[in-house]
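Enquirer: Structure provided below as structure tokens; questions to follow.
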Amino acid sequence: MRFLLANDDGILAPGLRALAEALATRGQVKVIAPEREQSAAGHSVTLHKPLRLVPAQLNGLDVEAYACSGTPADCVALGTIDPADLPDMVLSGINDGANLAEEVLYSGTASAAMEGAMYDLPSFALSVVRNEQPTRFDVAARLAQWIVDGFPRQAACRACFFNVNVPNLPLEEITGIEITRLGRRRYVNRMSQREDPRGRPYFWFAGEPAEQDASPGTDLAAVRAGKISITPLHFDLTSHADIDPLTEALRAVCLSPLLKEGG
Ligand code: MN
């Protein structure tokens, strides 16, 4: 099997190396990762300047690796240039920090996996939920091997990817694996305002999470209970449940005068 690896913590991140090392035991690994950290880059792509790939070393690991001047999504796009030479699987991470609830919308880790899903490739984003202990990547790396060995990918939809969050615990303290939905976690005090040395205000994205839905079945509840959370996500943001009621509602207000005006 051939694996395309990307991340948003950058080519030098220990989580990426741990993932590459784990998957090198399962097949051919190709790493394309941002040359520096791009956490919270979301799904941005580079349109207005050239992209460069520079051969890189993953701290002595014998795998093909490149540092990319672009974003996490650029990295996966570059790794899927040739339709005749696609990887069998895209894995993003292992991110040093959670990607839970709304965080997936900002996450470069999740977006790299989403880019893989857009090419119908089985794609996984892997993150370790940081706590006060040093982040350990061994459990998530072992999980990546398990995904390659036996995850029932055929049971999943096309055009979807898997957002995986692993508690920062030794394997024997992990309490299970749960398929989850996204919780909700709005941040409060998101913008910290300060003053620069010249007396002008500046702002820094900060804030604390104020949880709104960490009920059973959510990713937030699973990792809090010490479980590995696997959330299937798709990039179709359509609110399908609203299409019929909204169509009905529009019929009721009668659009014909508006359409006549337009015509
Ligand atoms: Mn990151």
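Enquirer: Where residues in the stretch 39-61 are more than 13 Å from Val76 (Cβ to Cβ) and within 16 Å of the ligand (Cβ to nearest atom), which of them is surrounded by the fewest Cβ atoms within 10 Å (Cβ to Cβ)?
Expert: Ala40
Enquirer: With the checklist (1) within 14 Å of the ligand (Cβ to nearest atom); (2) aromatic (Phe, Trp, Tyr); (3) touching a Leu at 6+ places or on another chain (Cβ under 7 Å) in hand, flag the one item Phe3 doesn't pass.
Expert: Checking Phe3 against (1) within 14 Å of the ligand (Cβ to nearest atom); (2) aromatic (Phe, Trp, Tyr); (3) touching a Leu at 6+ places or on another chain (Cβ under 7 Å), the one that fails is (1).
Enquirer: May I ask you to list the residues in the stretch 103-126 that are more than 15 Å from the ligand (Cβ to nearest atom) and out of contact with any strand residue (DSSP E or B) (no Cβ under 6 Å at 6 or more places or on another chain)?
Expert: Within the stretch 103-126, Glu115, Met118, Tyr119, Asp120 meet the criteria.
Enquirer: Sort through Arg26, Arg36 and tell me the only one that's more than 30 Å from Asp213 (Cβ to Cβ), within 14 Å of the ligand (Cβ to nearest atom) and part of a loop (DSSP other than H, G, I, E, B).
Expert: Numbers: Arg26 fails: within 14 Å of the ligand (Cβ to nearest atom).
After ruling out the rest, the residue left standing is Arg36.
Enquirer: Please go through the stretch 81-101 and pick out each residue that is among the β-branched types (Val, Ile, Thr), surrounded by 19 or more Cβ atoms within 10 Å (Cβ to Cβ) and more than 14 Å from the ligand (Cβ to nearest atom).
Expert: Val90
Enquirer: Moving on. Just checking, does the stretch 148-157 include any residue being in contact with a helix residue (DSSP H, G or I) (Cβ under 6 Å, 6 or more places away or on another chain) and either surrounded by 14 or more Cβ atoms within 10 Å (Cβ to Cβ) or of a type in the set (A, V, I, L, M, F, W, C) (or both)?
Expert: Scanning the stretch 148-157, I find no residue that is in contact with a helix residue (DSSP H, G or I) (Cβ under 6 Å, 6 or more places away or on another chain) and either surrounded by 14 or more Cβ atoms within 10 Å (Cβ to Cβ) or of a type in the set (A, V, I, L, M, F, W, C) (or both), so the answer is no.
Enquirer: If you go through the stretch 48-92 one residue at a time, how many are part of a loop (DSSP other than H, G, I, E, B) and under 21 Å from the mean Cα position of the chain (by Cα)?
Expert: Initially, the stretch 48-92 is screened for residues part of a loop (DSSP other than H, G, I, E, B), giving 48-52, 56-57, 59-60, 62-63, 69-71, 79-82, 86-88.
Narrowing the set further to residues that are under 21 Å from the mean Cα position of the chain (by Cα) leaves 69-71, 79-81, 86-88.
Summing the residues that are part of a loop (DSSP other than H, G, I, E, B) and under 21 Å from the mean Cα position of the chain (by Cα) in the stretch 48-92 gives 9.
Enquirer: Checking the condition without any contact (Cβ under 8 Å) to a residue 60 or more places away in the chain and under 25 Å from Ala18 (Cβ atoms), which residue from Gly150, Gly116 passes?
Expert: Numbers: Gly116 fails: without any contact (Cβ under 8 Å) to a residue 60 or more places away in the chain.
Matching residue, one of Gly150, Gly116: Gly150.
Enquirer: Any residue that is surrounded by fewer than 11 Cβ atoms within 10 Å (Cβ to Cβ) and at pLDDT 95 or above - is there at least one of those in the stretch 219-238?
Expert: No, the conditions are met nowhere in the stretch 219-238.
Enquirer: Still on this structure: So which of Glu21, Glu115 ends up being at pLDDT 95 or above and either closer than 18 Å to Asp138 by Cβ or open to solvent by 40 Å² or more (accessible area, probe 1.4 Å) (or both)?
Expert: Result: Glu21 is the single residue among Glu21, Glu115 that is at pLDDT 95 or above and either closer than 18 Å to Asp138 by Cβ or open to solvent by 40 Å² or more (accessible area, probe 1.4 Å) (or both).
Enquirer: Based on what the data block shows, is Glu64 in contact with a strand residue (DSSP E or B) (Cβ under 7 Å, 6 or more places away or on another chain), more than 16 Å from the ligand (Cβ to nearest atom) and open to solvent by 70 Å² or more (accessible area, probe 1.4 Å)?
Expert: Judged against the criteria, Glu64 is a match.
Enquirer: What's the total number of residues in the stretch 180-214 that are under 20 Å from Leu105 (Cα atoms), open to solvent by 40 Å² or more (accessible area, probe 1.4 Å), at pLDDT 95 or above and assigned to a loop (DSSP other than H, G, I, E, B)?
Expert: Residues meeting the conditions: 1.
Enquirer: Taking the stated definitions as given, is Asn189 over 19 Å from the mean Cα position of the chain (by Cα) and of a type outside the set (Lys, Arg)?
Expert: Against the criterion (over 19 Å from the mean Cα position of the chain (by Cα) and of a type outside the set (Lys, Arg)), Asn189 qualifies.
The values are calculated or read from the model by the stated rules, or taken from the named source; none is laboratory data. Note that the structure is predicted; figures quoted are calculated from it, not measured. Cβ coordinates were reconstructed from backbone atoms using ideal geometry, including for glycine residues, and neighbour counts include every protein chain displayed. Just the protein is used for accessible areas: all its heavy atoms, side chains included, with ligands, DNA and RNA removed. Shrake-Rupley method; radii C 1.70, N 1.55, O 1.52, S 1.80 Å.
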